[in-house]
1. On the protein heavy atoms, probe 1.4 angstrom, tell me the percent of accessible surface of the stretch 1-102 carried by carbon and sulfur.
2. Taking only protein heavy atoms and a 1.4 Å probe, what accessible area per residue, in Å², does the stretch 1-127 have with all protein chains in place?
3. Taking Cα pairs under 8 Å and at least six residues apart, what relative contact order does the stretch 40-105 come out at, in percent?
4. What ³J(HN,Hα) values, in whole Hz, does the Karplus curve 6.51 cos²θ - 1.76 cosθ + 1.60 give for the stretch 61-68 when θ = phi - 60°, with x put for Gly and Pro?
5. With unit charges on the beta carbons (Lys and Arg positive, Asp and Glu negative) and the dipole taken about the Cα centre of the stretch 1-105, which residue among G79, I23, T36 sits farthest to the positive side?
6. Taking a cut-off of 28 Å between Cα atoms, list the lysines near K24, but don't count ones fewer than 8 places away on the same chain.
Amino acid sequence: KDVVNCFALGDSHIFTASNDMTIKVWVLETGSLKATLTGHQQGVCSLSLNDGFLYSGSFDSTIRKWDTREMSCVKTYQGHLEAVYAVSVTGGFVVSASRDKTVRVWQESTGKETATLRGHTGPVLALLVQ
């Protein structure tokens, strides 16, 4: 149940995402647990760090934006119909890939969905955004 699905490496912390619906924040220098982020309703399967914020995708079909200084959720992006397998942030946009066979693009600041890319015949498992 508590298998780790992915991790993200920051300057002073490592973030691990698990099927137990949590994200754990570890201090790199000491290996000690600093915080446990909760809010997803199912396991967390993707993470991305950008400009002091952590973005998490979940089997609950949502993306959450976390303030890494306050260790709190500041926004939830909703629109996918199934698990969010990958999330990335670039140029003011959040891009996500899902089991629902779509890639979605969101305005990072407002959470508004700006595009849905349809046409895949199976789940979209990964993204590379530059």
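1. Ligands and nucleic acids excluded, carbon and sulfur reach 48 percent.
2. 51
3. 26
4. Each residue's phi maps through the Karplus curve to give 6, 10, 10, 10, 10, 10, 7, 7 Hz.
5. With unit charges placed on the Cβ atoms, the residue in question is G79.
6. Cross-link targets: K1, K34, K65, K75, K112.
The values are calculated or read from the model by the stated rules, or taken from the named source; none is laboratory data. What you are looking at is a predicted structure, and each value in this text was computed from that prediction instead of being measured. So basically every Cβ, Gly included, is an ideal-geometry build from the backbone, and we count neighbours across all protein chains shown. All accessible areas refer to the heavy atoms of the entire protein, side chains included, with ligands and DNA or RNA removed. Shrake-Rupley method; radii C 1.70, N 1.55, O 1.52, S 1.80 Å.
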